[in-house]
Structures are given as C-alpha cells and as structure tokens.
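Structure first, then comments.
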Amino acid sequence: TEAVRRKPYSVVLFDEIEKAHSDVLNTLLQILDDGRLTDGHGRTVDFKNTVVIMTSNLGSHWFTELGPDSETEVRDRLMEMLKAQFRPEFLNRIDEVIVFHSLSREHIGQIIDIQLRNLAGRLADRHMAIELTDPAKELIMNEGFDPAFGARPLKRTLQRRILDPMAFKVLDGTYSDGDTVMVDAAGDEIVFRQVSDAVDIET
C-alpha cells in the first residue's frame with residue numbers, strides 16, 4: 001500500500017495468483033470492489049488510478065498439448081479452471097482475461113535474434129560485430145526450445161553456448177577491437193570463426 005500511496009499511477013503485478021493465500025484474495029477483492037484499501041496505520045490508499053495485473057499458470061501443462069487451432073477450446077477450458085479456483089465475486093470484478101499461448105519455434109527464433117542484437121550492441125562499443133548462421137540458430141533452437149518451460153531453457157542455452165564462450169574469447173585476446181565473429185554450427189557443436197580469415201576457433 002505504501003508504494004501505491006506514494007505513486008498512485010502505478011502498475012501492480014501479482015504473479016501466480018492461484019498460489020495466493022485466501023487473505024490476499026480477500027484484500028484484492030476489496031481493492032477491485034472499492035478501489036481503495038486501508039493500511040496498517042489507518043490511512044486509506046486510493047487504487048482507482050492503479051492497474052492491477054494478475055498472472056496464473058493454471059492449465060499451462062494442458063495447453064501445450066493443444067494445437068494452434070484450439071484457441072476457443074483453450075479459453076473455454078481456462079475459464080472452467082478459473083471458476084473452480086476462484087470465487088465468483090472475485091472473477092466478476094476482473095475486467096479482462098487474456099490467454100497467453102505457448103511459445104512457438106518462430107517465437108523462439110525471434111527471441112534469439114533479440115538476444116543477439118543485445119550482444120551486438122555491447123560489442124559495438126569495441127567496434128566488434130557478431131553474426132549467427134542459420135545452422136547455429138537451428139542448433140540453439142533445438143536445444144533450448146521446450147514448450148512446457150517457455151524461454152527459460154533458451155536463455156540458459158544461449159548463455160552456455162554463445163554468450164559465455166564469446167566473453168572468454170574477448171577476455172583472453174582471441175578476438176579484439178574491430179573483429180567480426182561468425183557463430184556457426186558443426187554437427188552438435190557451436191564454432192566461432194573470425195570472418196576476416198575464416199579460421200575456426202574451438203569452443
């Protein structure tokens with residue numbers, strides 16, 4: 001309440017709301033119903049200009065089994081699960097329920113592109129560049145894509161396969177200012193090549 005009292009135009013996120021204690025849900029119900037809450041000091045805190053977002057993993061294991069053409073079925077089943085988990089008076093005060101679908105391979109590819117652009121931005125300070133071949137991207141996608149766990153395994157794969165090795169190679173002088181590095185795949189291995197002379201550097 002203190003944070004909202006100081007900054008009433010805020011976004012408040014409650015992650016995995018299905019795990020919340022009933023007392024927390026009762027407090028949320030008061031916020032959603034009255035738009036205000038009384039704190040431990042007896043002060044009334046106004047939530048009318050606050051956006052409250054709640055996330056839930058209800059049914060996430062089940063959603064991964066459905067195809068991309070099952071959006072209506074997914075939403076209907078989700079609403080059934082929400083009704084079984086939360087009281088009607090709580091659900092009736094929620095303005096909108098948004099269903100986030102599992103990541104596809106296309107999404108994973110886009111995440112890889114974003115992460116590589118971030119790395120390229122850091123390397124640009126040293127006038128260095130990095131490029132990723134399609135085979136290397138496929139290898140990272142195959143190893144890091146798990147529909148049940150989202151993008152978390154991908155982040156670890158990128159860190160272990162590309163980011164950490166690249167950092168070590170910069171630190172030990174394998175690559176220096178002005179170099180362009182090509183990240184490629186050789187079988188199940190990621191290899192780094194300096195574009196200027198195309199010499200393989202082992203990972």
Quiz prompt | Residues of type aspartates and glutamates that Lys169 reaches as a straight line, Cα spacing below 18 Å, ignoring anything fewer than 8 places off in the same chain | solution = Asp125, Glu131, Asp177, Asp179, Asp184, Glu189, Asp197, Asp200, Glu202
Self-check item: lysines with Cα under 29 Å of Lys48, excluding same-chain neighbours fewer than 8 positions away
Solution: Lys7, Lys19, Lys83
Exercise. Determine the shape class of region 105-201: with a ≥ b ≥ c the square roots of the Cα gyration tensor eigenvalues, call it rounded for a/c under 1.5, and otherwise prolate if a/b is greater than b/c, oblate otherwise.
Key: prolate
Practice problem: Note the angle between two axes, namely the Cα long axis of helix 134-144 and the longest principal axis of the Cα atoms of the chain, as a number of degrees from 0 to 90, rounded to the nearest 10. | Solution: 40 degrees
Quiz item: Which of the trypsin sites (Lys or Arg not before Pro) across region 17-47 are loop residues per DSSP, with 15 or fewer other Cβ within 10 Å?
Solution: Arg43
Practice problem: Select one label from [x] 1.04; [y] 1.44; [z] 1.21: the one whose number is Cα Rg over 2.2 N^0.38 Å as derived from the coordinates shown. | Solution: [y]
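Any read-out appearing in this document is the output of simple, stated calculations on the displayed coordinates, not a laboratory observation. Treat the numbers as computed from the prediction; the structure is a model and nothing was measured. Please note: Cβ atoms are built from the backbone with ideal geometry, for glycine as well, and neighbour counts cover all protein chains shown.
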